[in-house]
1. Return yes when Asn392 is more than 22 Å from the chain's Cα centre (by Cα), among the polar types (S, T, N, Q) and surrounded by fewer than 24 Cβ atoms within 10 Å (Cβ to Cβ) and no when it is not.
2. State whether the residues of region 449-459 include one that is of a type in the set (Val, Ile, Thr), touching a residue at least 40 places away in the same chain (Cβ under 8 Å) and surrounded by fewer than 18 Cβ atoms within 10 Å (Cβ to Cβ).
3. Just need a number here: residues in region 203-228 that are among the hydrophobic types (A, V, I, L, M, F, W, C), over 30 Å from Val186 (Cβ atoms) and crowded, with 21+ Cβ neighbours inside 10 Å.
4. Considering every residue within region 820-842, establish whether at least one is free of Cβ contacts under 8 Å to residues at least 12 places away in the same chain and over 46 Å from the mean Cα position of the chain (by Cα).
5. Taking the conditions exactly as written (surrounded by fewer than 24 Cβ atoms within 10 Å (Cβ to Cβ), charged (D, E, K, R) and touching a residue at least 40 places away in the same chain (Cβ under 8 Å)), does Glu1022 satisfy them or not?
6. Among the residues of region 890-897, are any within 21 Å of Leu812 (Cβ to Cβ) and part of a helix (DSSP H, G or I)?
7. Kindly provide the set of residues from region 180-208 that are in contact (Cβ under 8 Å) with a residue 12 or more places away in the chain and charged (D, E, K, R), ordered by number.
8. Among Val380, Val447, which is the only one that is outside any loop (DSSP other than H, G, I, E, B) and closer than 17 Å to Thr119 by Cα?
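The values are calculated or read from the model by the stated rules, or taken from the named source; none is laboratory data. These numbers come from a predicted model, not from an experiment. Neighbour counts run over all protein chains shown; Cβ positions are idealised from the backbone, glycine included.
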Amino acid sequence: MVQSVPYDHTASIECLGNPMTPLYNGGVIKNSEFNNGLKDWTVPWGVEATVSTSLSGNKFAEAQTSNGQLPSRTVYQTVQMEANTHYSLSAWLKVSAGTANVRAVVKTADGQFVAAGATVAKEGCWSMIKGGMTAYSSGPGQLYFEADAVVVIWVDSVSLQPFSFAEWDSHRQQPVSKARRSTVKVVARGADGTPMANATVGVNLLRPGFPFGNAMTREILDIPAYQQWFTSRFTVATFENEMKWYSTEWSQNHEDYTVPDAMLNFAEQHNIKVRGHNVVWDDNSTQMGWVKSLGVDELKAAIDNRIRSFVSRYRKRVIGWDVVNENLHWNFFESKLGPDASSKIYERVGQIDGDTPLFMNEFNTVEQPLDTAVMATKYVSKLKDIRSFPGNVGLNFAIGLESHFGIPNIPFMRATLDTLAQLELPIWLTEIDVTNGPNQAQHLEQVLREGYGHPSVDGMVMWAAWHAHGCYVMCLTDNNFRNLAVGDVVDKLIAEWRTHPVAATTDADGVVELDLVHGEYNVTVTHPSIGSSAAVRVLTVDSSSSENGIRVIDEAQRVFMEKVLVLSLICCISLFQGWVVQSVEYDHTASIEASDVCLRDPMKPLYNGGIIQNGEFNSGLMGWSTHRNIKAGVSSSPSGNKFAVVQRAASVSGAGDTVPVPSRSVFQKISLQRDTHYSLSAWLQVPTGTAHVKAFVRTHTGEHVVAGSVAAQSGCWNMLKGGMTTYSSGPGEIFFESDAPVDIWVDSVALQPFTFEEWDAHRQQSASKARRSTVKVVARGPDGAPMSNATVIVELLRTGFPFGNTMTKEILDLPAYEKWFTSRFTVATFENEMKWYSTEWTQNNEDYRVPDAMLKLAQKYNIKVRGHNVFWNDQNSQMKWVKPLNLNQLKAAMQKRLKSVVTRYAGKVIHWDVVNENLHFNYFESKLGSNASPMIYNQVGSIDHNAILFMNEFNTLEQPGDPNPVPSKYIAKMKQIKGYTGNGGLKLGVGLESHFSTPNLPYMRSALDTLAQLKLPMWLTEVDVVKGPNQVKFLEQVLREGYAHPSINGMIMWAAWHAKGCYVMCLTDNNFKNLPVGNVVDKLIAEWKTHKTAVTTGADGAVELDLPHGEYNLKVSHPSLGTTTAVHAMTVDAASSASEHQINIKV
């Protein structure tokens, strides 16, 4: 009898200088560390073996096969195998040269050779192998290791731990209870706050928290019985074939998404999440004939078209992308495009949909220890290659394990999950099935329970799509949708993994404790004192749930929920209301002072930390956790301020390579609410130099959302302000990360939730304050006496807030375009017509006829024009004749361009975009030195003293994951320009292009708060939103957010009309009839104007008017004046509030 020990999930994907000690002290393996030489080990015939000692004193076995025979083998140990026993195996391995695939093999008593695991062993460092096997009969067995290369194999820290089936199941159940369930405490209180004893608390599950689903086929669209069966069971789906390339573009350039569109609409109607399967498949046999025949460039174009078409269509509608399917087994795209093909495809998908997890989906990694092509170490290596590819560092990756089983090796499955969990990425079992046989139902239950029971598995989808002609491998039902045996197993587990309706009664303290599966619940509270009424609250239970209280306040049943998390001596309370959520005012506070006035201590956390517990670390690390292999503590500054200090993790090194590990801070588990905006802030510092630090929120779906970033410095505390939005409820984690090898110091962390309604209300308050004023108009007669009952007609002449669009040269020839544009907009940017390549495509042949004519037309309608641009810092935007110029020739050409365009339009344009996009690009710096931009600003300012000189950049508001233009770097560049000799008096402005896909509104507002600290004019200069089902909604959100922010001085859209199609966003069709986005623009223009109004003065001759800022005509009439009307021009602006406009009538 083997004494039961807890299962150990420890694994390693690092190659170490010395191996770790053996798990379970070796288990049944004797002399597992070879400290007693080869005692208890046997040297097989044809193998030479010895025990060696490392420089640090560590002993290990060396073995090689004589005469270079394959496979290379090690010593072996004979152990007594017990029937009906799972064995967990681990060891540390190394080889004498290069790398080799090394397998662990157990030879059983009946002569079978069972593969128990495999790893890639390397020269120069120790690699861990973790696996296992199951014995079904008793007898002696032999454990050894073999390699597929002629190498010396070094072995150490060998362990083989037996678990009876009962013990194994017990160990699996423990993580289930911990990872999938929480105990919540419900407290019912009356209106006076006293506990309500004998209250009935009803709990009804709305949606389980653990995603469990199945493959879906197109037949579901036409068969109601299929629909009812599927939707009543599953919360997630994968379309079996319908999204695949060969299903949507069987013939080149003939795309058809009719079926997957309909299936996705159906899934969304039933709140079933869908995985995007797949973008491309690396298997040669799955490629269409026309794909195989393409040349390299043609194939690249076809792949790019597939990605743009498919990913853009379904971005934000799927919860994961299988990007390059099965790219360990197959290599079609690598064989055509080179070894980085997968990495480049992931990069391109991430550019279009950077928020959705990108999966590496593969089979046999957990199923078959004999398949060395996909063993865990090779999976890890491939995924690390993809992640480290330039442009992929900030993407959200995830692990997809198909899980097509024959007879499952359950210990190997668990061990492999342990190993892959070290990547700290979401893990899904994506295509679970078990081959047909007498034990199919039993084996499926084992696999599903093992997946559900592993703490690192985030979701499971079965590959049991129904077809009338038969399923791929495994059917859950017959053709009448009556369950087969495996279907009964699935239903049994679904029922077991859910909480069924529960009714409990509170005790004398008004308390009841409930052990609930994670998910969303309706909680209903009734009590005799409130008659037949009931208080209802939606409750999310997740891994961060602890004790929850519900108060029944009064007969109106206003319900409050208190979430109490007890952490040692700290009790942190978050208050939620059932129907009326207490609103917290949005705080625009931000800081950019670290680079000027070094803040030795951070400010206090905004919102007192919001939902963050112990955000100032005054109670040590209470409420915070540390990532694996990271050391953390709390330090104090000389002033007594406490802050978290996290020592960076060491790099993972192997034979000749080093993989950098991101530096990470401590993290805190939080409960995220659906349809909620979160405003985030924190103060950060690094001990030496500077480092780009990002704030991450990991959602319950495994998505890593970048919520903001800052260039953290040493010696100063730097404020990071950002935010993110959640659309579903569940547990989350907040942490900070840097790609630089630095320690991270953190303090004053805050995360404040706002419901969508609260966010909109705060925005509306800001808009009313920033864009409107109340003015008092007093009408007086010739004698100066007030004129009561006078009629005052208010007519808007010109709006005060500049709102415009890009204009193209086509406007000169199309009256309909001219009418449409000039009736709406007060400001314009020429799309390309003022750019250098448009006015001097050929050297010394300047042509300004088109921009001259466009400017004349704009002036005719009193439309102000922005000068876009003097220079563009992008190398790809330079003319061919510019690139070969030497230094002096380039300076002369630039001087001529600058003098020509700025002199020509000085006094005619209101702004200049001086060196366009000089954070992303550096063409002129690469030629003229680091002060190229400041020098150009200096020269433009010396010619045009009145125009505002803008620094125009993209992604500062749009993409918190783009490290180049983050607010802190934008500010640093602006300060460099302003601090250059002679530039102190320049009129500078902040230009934010605002090319959005899915807007992160909390981040946008926070970035504006930060940039506002420059106290410079700030414009959104090129606003657009990529095409998609939510384009109209997203554009309205962005425009409203910009209009409402008190520091925004104007907005221009980048929706220039072209007959051949717009850059990203069209407002009209080719007949200048509005498209839906055009209707949104017209709606907002109308909303932001005051339409013709008539009011009557009071006895004191006065009337108060609440007006948007702008220029007005006031017309005053009165019976005593007959037909005479007094006209008065009035400007309403921010200085107009409480001012009195007196109109003196002269007859």
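1. In short, no.
2. No; the residues of region 449-459 include none that is of a type in the set (Val, Ile, Thr), touching a residue at least 40 places away in the same chain (Cβ under 8 Å) and surrounded by fewer than 18 Cβ atoms within 10 Å (Cβ to Cβ).
3. 3
4. Taking every residue of region 820-842 in turn, none turns out to be free of Cβ contacts under 8 Å to residues at least 12 places away in the same chain and over 46 Å from the mean Cα position of the chain (by Cα).
5. So Glu1022 does not fit the description; no.
6. Within region 890-897, none of the residues are within 21 Å of Leu812 (Cβ to Cβ) and part of a helix (DSSP H, G or I).
7. Arg180, Arg181, Lys185, Arg189, Arg207
8. Val380
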